[in-house]
1. Taking Cα pairs under 8 Å and at least six residues apart, what relative contact order does the range 76-151 come out at, in percent?
2. On a full-extension model of 0.36 nm per residue, what is the gain between Ala404 and Ala54, subtracting their alpha-carbon distance, rounded to one decimal in nm?
3. If I take R0 = 35 Å and measure r between the Cβ atoms of Ala504 and Glu137 in this structure, what FRET efficiency does the formula 1/(1 + (r/R0)^6) give, to the nearest 0.05?
4. Starting from the Cα-Cα distance between Arg680 and Val288, subtract it from 0.36 nm times their residue separation and give me the gain in nm to one decimal.
5. Just to verify a number: what accessible area does Tyr303 come out at with the full protein assembly present, 1.4 Å probe, Å² rounded to tens?
6. Go through the range 375-388 residue by residue and turn each phi into a ³J(HN,Hα) via Karplus (6.51, -1.76, 1.60, θ = phi - 60°); whole Hz please, and just put x for glycine and proline.
7. Note down the accessible area of Thr689, probe 1.4 Å, to the nearest 10 Å².
8. Could you derive backbone 3J(HN,Hα) for the range 498-506 from the dihedral phi with the Karplus parameters 6.51, -1.76 and 1.60 (θ = phi - 60°), listing whole Hz in sequence and x where the residue is Gly or Pro?
Amino acid sequence: MNTLYHDLRYALRQLRRSPGFAAIAILTLALGIGANTAIFSVVNAVLLRPLPYAEPERLVQLYSAGFQEGRFSLSYPDVGDLRGLHQVFTDAAAFATQQFNFTGAGDPREIEAVFASAQLFPLLGVSPALGRTFTAEDERAPYVVLSNRLWVSAYGGDQSALGRSVSLDGKPYTVIGVMPAGFRFPDDGVELWAPIGGAFAGQPGAETDRHMHFFNTVARLQPGVTPKRLRADLATLAHRIDAERQTGGGGQQEMRIVIGGGGPPPAGGPPGGASERAGPPPTQFEAVPLAEEVVGDTRHTLYVLFGTVALVLLIACANAANLLVARANSRRREIVVRQALGAGRGRIARQILTESVLLSLAAGALGVLLSYWGLDLLLATWPDSLPRVSEVGIDGRVLTFTLAVSVVTGIGFGLLPALRASSPALEEALREDSGSVSGSRRRQRAQRVLVAAQLAVALVLLVGAGLLVRSFVRLLEVDLGYDTNDVLAARIRLTPSRYADRTAKAEFFRGVTEDLAGRPGVSAVTLSRTLPLSGSLMMIGIETRRIRPDDPDRFLPVATRVVGSDYFKAMRISLVEGRPFEAADREKAPAVVVVNTRLAKRLWPDQTPIGKHIPMGFPGGGDYEMTVVGTVGDIHYTGLSDEVRPEMYLPVEQFPEEGEQTWVILRVERNPLQLAGAVREAVRRADPTQPVAELVSLEQLVGRSTAARRFNMMLIGLFAGLAFVLAVIGVYGVTTYAVSQRTRELGIRMALGAQRGDVVRLVLREGLRLAAVGVFVGLAIAFAASRALTSMLFEVTTTDLATYAGTALLLAAATVLATYLPARRAAGVDPVIALRSE
């Protein structure tokens, strides 16, 4: 212990004598350690920290998986059957997330609410902070449990909030409880929870219809249930449901899949035929651990970012090691004298390691400070898709990680200098210090290896950043199929209790659209139940073999858009054939539909779809047929990188769905956000009690849809740029040091007739060899490592030749420049002065 104390005192004394060296080393390492601390704090909160529920490892989310388009939520009868698997689940809870107009506490606002079965809170093992949650007897009671955030914002944290009445879409609900701070299930946007009976009221048939896939479901596994046992029991239940459906005649019903809302068929639709129909697809269930469901695709992205900052730290370590090697060489005589006086090799190595760890610990402290400052900025720019963002912060585990990284980093970059400095070859060391050229080159060899390693690692990061940049450029070049410029959209949810009558609802939107259509600069106004890139989606399953008997699939999920007559004009979606919707396509008129090119080719290959019929059937609503009147171009609806889906468009006048959100879409001459005030004014004029839930331009939605890719590109590009700068500084520093050590050699060459250009070329040749080694090794590593980016790329392969060639040339050019500057200074030294200095 006494020896360690003396080593620390001596190390501090040595660092005080070289403040410039200490400052550069600490700052270089702090950048690497700070970046690792910031990213690890996110990894810790999102991936490592358990979910804030009782025994979260036993929680799973359940899905219906028997459809082409992937997983869907469950029907309520499915939830009941799953709850009956007592050998597998202790319990299961259904929930559905919806938006509501919230009044009764402050200004009216739109909030996100969850209708949930009474089992939800006991299943999660979470108790309210105030009051109580609802029970099975409260299934249809008008009760709500508030989030802690809503309780504070609406009631100031006053306990008298219990028993007060609030309004959801015009219906009164009584506050019976408040959840603890931090409880956000199922996501951070939820503000309150209500009994599941409210979902039944909003979706007729949702309680009994097995074809209405409306409910998310979370379940808790019995202790000891294995994944194999779980899959087997879910498959057995699915087979039993299919058998009961066949024997009960359920196979004669049309399947309907609804995501984000639905509605009854138009009242004026003609009846369908009585042809024999195939049953729905086989039932399948899938269970996903809740932790994986919460994290989603973020896990892979976080691992990539964590690996990126680890490489930046590796480059910082190599830089610090080079600084220590150079400093150890300058202290050669001091170390030799200490060895001559009896200091052993281990004693000398321990002293050098003590200095390196001390530097690293100081860098770690500065790194924590940098990460603390930078974390808020990082989270502010992180896309909204980051889960558990409220839990991200600097805690004990993060500080322990930083301490461990600092110690390991200090040992890592100090080991080579310590081993070299403690070399027992005293006589050889003294000869080298007396001017041996070969000895000087041997001392520089380790530094050159470190610099080559820096260049290789920097190239790996530059290749990754280059691939993401090229991928993002390709993404922005995608033709969406509609024009996003100069379009403003306003999302409005009419309070159902005020607009239960379809005529009143139609009158409201007619007044708003006519008001806005008369505004200067507005070229088109229309309505739509959903909006591209907004996240809203509605799917309907149709029986393709009723239209095309040879179709390989019995059912085809089709994206459905309920739109106004001027929708295609406002969105500038090309009309391929037929006509768009007209004013005559109203509620009592024959049902019509416009299909996209993808659906037309699927159902009527090599034929015109105009005049063809799409038979539809809604549970409890009878059969009817829709006549195809037009075909429009394909569009990318859910995202720029998503594939085009089969789609059909229905006229909003024939589908006046009650209680659904509606988008008012305006095509303007320029700067659509300038009309935001006009939209709010038009809504207030039509009904001052109705809020505008959201106002956004389509260009903003494009920005949101590309936010995750843009963030990944910018963050990895930032780290790659930092690595590039550190690597170039390393090349410059080593070249400068090497030239200073070879002053006598270069002086002799010039005295013997070498020209300045010869000296420059000599130094440049060595720099180019260094760059060649680093680039060659870096390309090999990048070729293997870039596969981790596969899921983050769009229309760019991980072996993109242009990216590899461009980054290699960039790094080689920077290396040549960093070598040329000290080489030119060395060539300008007078040989007489150089020899005299030796």
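The values are calculated or read from the model by the stated rules, or taken from the named source; none is laboratory data. Predicted, not measured: the structure shown is a model, and the values here were computed from it. Please note: Cβ atoms are built from the backbone with ideal geometry, for glycine as well, and neighbour counts cover all protein chains shown. Ligands, DNA and RNA are excluded from the accessible area calculation, which covers all protein heavy atoms including side chains. Shrake-Rupley method; radii C 1.70, N 1.55, O 1.52, S 1.80 Å.
1. 21 percent
2. Full extension of this stretch gives 123.0 nm more.
3. 0.50
4. Extra length from Arg680 to Val288 when fully extended: 136.8 nm.
5. Counting only protein heavy atoms, Tyr303 exposes about 120 Å² to solvent.
6. Taking θ as phi minus 60°, the curve returns 5, 4, 5, 4, 6, 5, 8, 5, x, 5, 6, 5, x, 6 Hz for the range 375-388.
7. 70 Å²
8. Residue by residue, the range 498-506 yields 8, 10, 5, 8, 4, 5, 5, 5, 5 Hz.
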